[in-house]
Amino acid sequence: MRLRLPEERPTEPPTGYKIARLALSHDGARAGFTGVSLGAALPYGVLDAAHCVYGRRHKAPHRRCDCGFHCLHERAAAEAFLCTGEHRGAALLEVTVLGAYIRFERGFRYARQRVRTATLRPCGCGARAAVLADAGWGRPGWRVVEGACGACVGKRMSLRLTEFARLAGEGLTVTAASPDSVPGTPAEAMGVPELVAEAALLQARLDLFQGELARLSEDEKG
């Protein structure tokens with residue numbers, strides 16, 4: 001006898017979290033996302049349906065395949081993936097799980113989704129992201145963009161967060177995380193004790209410099 005998974009009929013669609021790269025079409029007319037693992041070569045929109053990445057004709061998610069959208073139950077679990085080097089430029093997405101889904105211990109694999117919010121990490125310099133700038137790579141027909149501050153964007157192609165949200169449509173909200181809320185950023189790494197110690201070191205160096213300058217002045221007079 002074949003065992004079947006219990007069916008769920010929630011009163012409201014489940015919420016999940018995932019990370020993805022933000023992407024802009026080559027003509028600048030559309031905005032979307034590209035995954036960071038399975039299916040990364042297939043950009044998707046804010047409201048989209050999953051397809052089997054292996055080209056099979058079955059509907060996603062299929063029990064005997066690993067196709068479909070993927071997300072995690074907990075926000076913190078998704079944020080943990082942003083610590084790896086290859087994912088530092090990715091954004092944290094909050095999604096609504098739509099259609100058929102398969103529940104796992106840590107998350108869902110499902111048929112359709114709506115991306116509600118995209119939260120950008122701080123710029124590489126540690127400042128809050130002000131724009132989305134060309135990341136220097138992409139997919140066929142799509143260029144990947146990432147958060148950057150006004151000082152670091154330089155001459156790269158860039159667009160405002162609100163403009164990306166408008167191009168993506170479907171009520172998407174794009175926000176930039178505060179450096180204070182991201183562990184390991186300069187704003188948190190330099191607390192009051194560290195700043196006091198740094199100031200004391202600078203004062204000691206200044207005293208040494210003034211002493212040497214006074215000695216040289218005395219030698220010249222002599």
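The residues of the range 69-78 that are part of a helix (DSSP H, G or I) and either of a type in the set (K, R) or over 21 Å from V46 (Cβ atoms) (or both), listed by number, are R75, A76, A77. Out of the residues in the range 41-54 that are in a loop (DSSP other than H, G, I, E, B) and in contact (Cβ under 8 Å) with a residue 40 or more places away in the chain, which is surrounded by the fewest Cβ atoms within 10 Å (Cβ to Cβ)? Only one residue fits best here, namely A41. Of all residues in the range 69-88, one or more are surrounded by fewer than 16 Cβ atoms within 10 Å (Cβ to Cβ), under 19 Å from E12 (Cβ atoms) and in the same structural domain as E170 (by TED's automatic domain parsing). For beta carbons closer than 6 Å, sequence separation of 6+ or different chains, a first residue in the range 121-135 that is within 21 Å of L24 (Cβ to Cβ) and in the same structural domain as E86 (by TED's automatic domain parsing) and a second that is polar (S, T, N, Q) and assigned to a loop (DSSP other than H, G, I, E, B), the qualifying pairs are P122/T185. Filtered by the rule that a residue be more than 14 Å from the chain's Cα centre (by Cα) and among the acidic types (D, E), the range 116-147 gives a lone residue, D134. Can G136 be described as of a type outside the set (K, R), in contact with a Lys or Arg (Cβ under 9 Å, 6 or more places away or on another chain) and within 23 Å of D48 (Cα to Cα)? No, not satisfied.
The values are calculated or read from the model by the stated rules, or taken from the named source; none is laboratory data. What you are looking at is a predicted structure, and each value in this text was computed from that prediction instead of being measured. Positions of Cβ are generated from backbone atoms using ideal geometry, with glycine treated the same way; all protein chains shown enter the neighbour counts.
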